[in-house]
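*Asks:* Have a look at this one before I ask anything.
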Amino acid sequence: MKNYAELWIGYGKRTRTKGTDCLKKIRLSGVPGSDRVLRSAVKELQTGLQSMLEITPEITFGAAEEQPPAQSGAQILDRETVRVSLEGEGLTISSKSGAGIFYGVCDVLRTVACEGDIRETYAAGKTLRPSNPLRMLNHWDNMDGSIERGYSGKSFFYVDNEIVLDERTVDYARLIASVGINAVVINNVNVKDAASYMITDRYFEKLARLGEIFADYGIRLFLSLNYASTIEIGGLRSADPLDEEVIAWWKDKMAEVFTKIPTLRGFLVKADSEGRPGPFTYGRTQADGANMLADIAKEYGGIIIWRCFVYNCRQDWRDRKTDRARAGYDNFKPMDGDYHDNVILQIKNGPMDFQIREPVSPLLGGLTKTNQMLEVQIAQEYTGHQIDVCYLIPEFREILGFHTFCCQGPDTVADIISGETFGSRYSGIAAVTNTGNDFNWTGNYLAGANLFGFGRLAFDTSLSSEQIAEEFVRMTLSQEDEVVRTILEILLPSREIYERYTSPLGIGWMVQPATHYGCSVDGYEYDRWGTYHRADHLGIGVDRTDKGTGYALQYHEPNASVYNSPEKCPDELVLFFHHLPYTHVLHSGKTVIQHIYDTHFEGYEEAQQLAAKWESLKGRVDEEVFENVRERFERQLANAREWCDQVNSYFYRKSGIPDEKGRQIW
Ligand code: GCU
């Protein structure tokens, strides 16, 4: 018995799946029989069908020739597309790559697990074409075993500065590949201490083996890189990207690393960000830094993913000119087009930092000549630490569906990161992941829906939040319709409920500094991080209009005009863009202050209702899972109560305006 949950690859017995006779004969075609991912696909198919249905399929193969590795996003998409169809008595799964076959197999296993009708599902043939070339997870795991912003135990990759490879590593690869993930960065973006030595002899052997495990499941291995490696491990004086000595050092280093870890596909770099070193130190641009590494990595087919999280983190709260929200665009837009074609800029979904509600970053669609990738966070840093239930897929869908108006044609974030809008060489989506070595991988069992959901959505951005949640529940928790319905009623509204009892109308922050869990309205108000709500006795919000910091004008029209106007700006973002009196009337017809009171009382009540729904499942889901989530709900309720009380009291005292419904405010 494993000491951890198998989540959606547990494959328990299924009795209600229909049309299963066609699963006895399965033909896998289009890929050479020697393909390593094809072998994994066969194993997965056998395991899944045997344990869910007690079917031992007769598997045949169609011959094909080996193809060289993909050299662009378009090639990745072409290779990883798969078609599943009924042919004769059996099922045929065909793709140009083993990875494609693996995704086809997992689609079939998912249909079985969700007790669908196999014949009906594949009767007309079903083509699965990934929406995004790179579908990536970013681990913020440190080599001492801790995880930055980790809420589900310790790292399962590292113990005491050593890399651990065991059965769990393989199951991890199976889990994430089965939902379509094809790339993983295995170490924290803040590369320090032992992690700086990942690109040395000390770790090559284990990293090579880890890369092989991933490669068996079509997962590309990436490492976070210390920009100042030349100084920290190379003994040079400089990390200037134009310095000959620095360049020569990197040439040797890359040659060594890519040879010793043959499956390595590239690096993720956090430079000039929150105290990390970078090219700014030497008066060079972000493009200088990224291009230097990319030019050297190119020889090995390597990619440099460069983060855009660059801002002044030493601000004075009195300074109203500097606006952290502007920083990404200001730092990266001027060099649009200068980045070489194996550089991808990785852009956080919002201009600040993964708050429960932010506008979409204006860099997405602002950059038109640069490969770009969206970064979201399923680690619930600001969204409840995997204590509070917060199903994030509805938020991600909003982001993906956002019209940037960057062109006449396909202009949503989903279009841009798929590579379609600008025909980018590389593009995709990454999530800061929420896993750890807890028995259920994600702390709160229900947070598993975000891991599952991120993969599913990254693979197919047209899927609905409901479908994804329902698949997760049916595959991992229960097949009983009523139980499924109840859990969906918990997951689906959970993000908006969390938003209601925390910070209002897009203003964000108001969290406990450092930990980012729990309420502290002024916690970041006088700090250096550029995270202010600017509340006084008259009003609240940050003026980011043309009269304020001008941030709203970083968007294309008509978004710029909409955000620039307090009348047109959507309610949920109005305090992000405007400083408004408490008596300002929102589109909802409520004043700002009444909105604050109402949402906080409602949010807390709704959290109680969610907890009660979970309570009703006692005896109907696995006992360990039930207790795990029940205990989290207890803490969520305490948290929601605290937020509600603190926020309401704070704004009552600031504004002097009472709640029109006369509820208890301390
Ligand atoms: C946030 C987070 C940090 C992290 C940083 C990043 O600021 O709190 O822990 O390092 O984002 O994305 O680099």
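The values are calculated or read from the model by the stated rules, or taken from the named source; none is laboratory data. Note that this is a predicted model, so its numbers are computed, not measured. Virtual Cβ from ideal backbone geometry, glycine too; neighbours counted across all protein chains shown.
*Asks:* May I ask you to list the residues in the range 650-666 that are surrounded by fewer than 16 Cβ atoms within 10 Å (Cβ to Cβ) and in a helix (DSSP H, G or I)?
*Replies:* Hit for the range 650-666 is ARG653, nothing else.
*Asks:* May I pose another question? Picking from GLU65, GLU6, GLU80, which residue would you name as being closer than 26 Å to LEU477 by Cα and among the acidic types (Asp, Glu)?
*Replies:* GLU6
*Asks:* Return yes or no: is ARG324 of a type in the set (D, E, K, R), surrounded by 15 or more Cβ atoms within 10 Å (Cβ to Cβ), at pLDDT 95 or above and within 14 Å of the ligand (Cβ to nearest atom)?
*Replies:* yes
*Asks:* Take the conditions buried (at least 16 other Cβ atoms within 10 Å of the Cβ) and outside any helix (DSSP H, G or I) and apply them to GLY523. Does it pass?
*Replies:* yes
*Asks:* Inspect the range 57-70 for any residue being surrounded by 18 or more Cβ atoms within 10 Å (Cβ to Cβ), under 29 Å from the mean Cα position of the chain (by Cα) and within 27 Å of GLY428 (Cβ to Cβ) and give the result as yes or no.
*Replies:* yes
*Asks:* Can you find a residue that is of a type in the set (S, T, N, Q) and more than 16 Å from the ligand (Cβ to nearest atom) anywhere in the range 234-242?
*Replies:* yes
*Asks:* Please state which one of THR545, THR599 is within 29 Å of the chain's Cα centre (by Cα) and not small (Gly, Ala, Ser).
*Replies:* Being within 29 Å of the chain's Cα centre (by Cα) and not small (Gly, Ala, Ser) holds for just one of THR545, THR599, which is THR599.
*Asks:* Of the residues that make up the range 334-344, is at least one within 16 Å of the ligand (Cβ to nearest atom), over 26 Å from ILE393 (Cα atoms) and either out of contact with any Cys (no Cβ under 9 Å at 6 or more places or on another chain) or not in a loop (DSSP other than H, G, I, E, B) (or both)?
*Replies:* The answer is no, given that none of the residues of the range 334-344 is within 16 Å of the ligand (Cβ to nearest atom), over 26 Å from ILE393 (Cα atoms) and either out of contact with any Cys (no Cβ under 9 Å at 6 or more places or on another chain) or not in a loop (DSSP other than H, G, I, E, B) (or both).
*Asks:* Is the range 355-377 home to any residue that is within 12 Å of the ligand (Cβ to nearest atom), buried (at least 22 other Cβ atoms within 10 Å of the Cβ) and part of a loop (DSSP other than H, G, I, E, B)?
*Replies:* Yes: the range 355-377 contains one or more residues that are within 12 Å of the ligand (Cβ to nearest atom), buried (at least 22 other Cβ atoms within 10 Å of the Cβ) and part of a loop (DSSP other than H, G, I, E, B).
*Asks:* Oh, and also: Only one of (1) within 30 Å of THR81 (Cβ to Cβ); (2) out of contact with any Lys or Arg (no Cβ under 9 Å at 6 or more places or on another chain); (3) assigned to a loop (DSSP other than H, G, I, E, B); (4) not β-branched (Val, Ile, Thr) is not met by LEU223, so which one is it?
*Replies:* Going through the list (1) within 30 Å of THR81 (Cβ to Cβ); (2) out of contact with any Lys or Arg (no Cβ under 9 Å at 6 or more places or on another chain); (3) assigned to a loop (DSSP other than H, G, I, E, B); (4) not β-branched (Val, Ile, Thr), LEU223 breaks only (3).
*Asks:* Let me ask another. Keeping to the range 152-195, report how many residues are crowded, with 21+ Cβ neighbours inside 10 Å and assigned to a loop (DSSP other than H, G, I, E, B).
*Replies:* Of the residues in the range 152-195, 13 are crowded, with 21+ Cβ neighbours inside 10 Å and assigned to a loop (DSSP other than H, G, I, E, B).
*Asks:* Let me ask something else. Of the residues VAL574, VAL625, VAL647, which single one is over 20 Å from THR502 (Cβ atoms), assigned to a helix (DSSP H, G or I) and of a type outside the set (Lys, Arg)?
*Replies:* VAL625
*Asks:* Here is a follow-up. Can you tell me which residue in the range 122-149 is nearest to the ligand (Cβ to nearest atom), limited to those that are of a type in the set (Ser, Thr, Tyr) and surrounded by fewer than 18 Cβ atoms within 10 Å (Cβ to Cβ)?
*Replies:* SER146
*Asks:* Return yes or no: is PHE439 out of contact with any Pro (no Cβ under 9 Å at 6 or more places or on another chain) and assigned to a helix (DSSP H, G or I)?
*Replies:* No.
*Asks:* Across the range 173-219, what is the number of residues that are touching a residue at least 60 places away in the same chain (Cβ under 8 Å) and either closer than 21 Å to LEU457 by Cα or charged (D, E, K, R) (or both)?
*Replies:* Residues flagged as touching a residue at least 60 places away in the same chain (Cβ under 8 Å) and either closer than 21 Å to LEU457 by Cα or charged (D, E, K, R) (or both) within the range 173-219 amount to 14.
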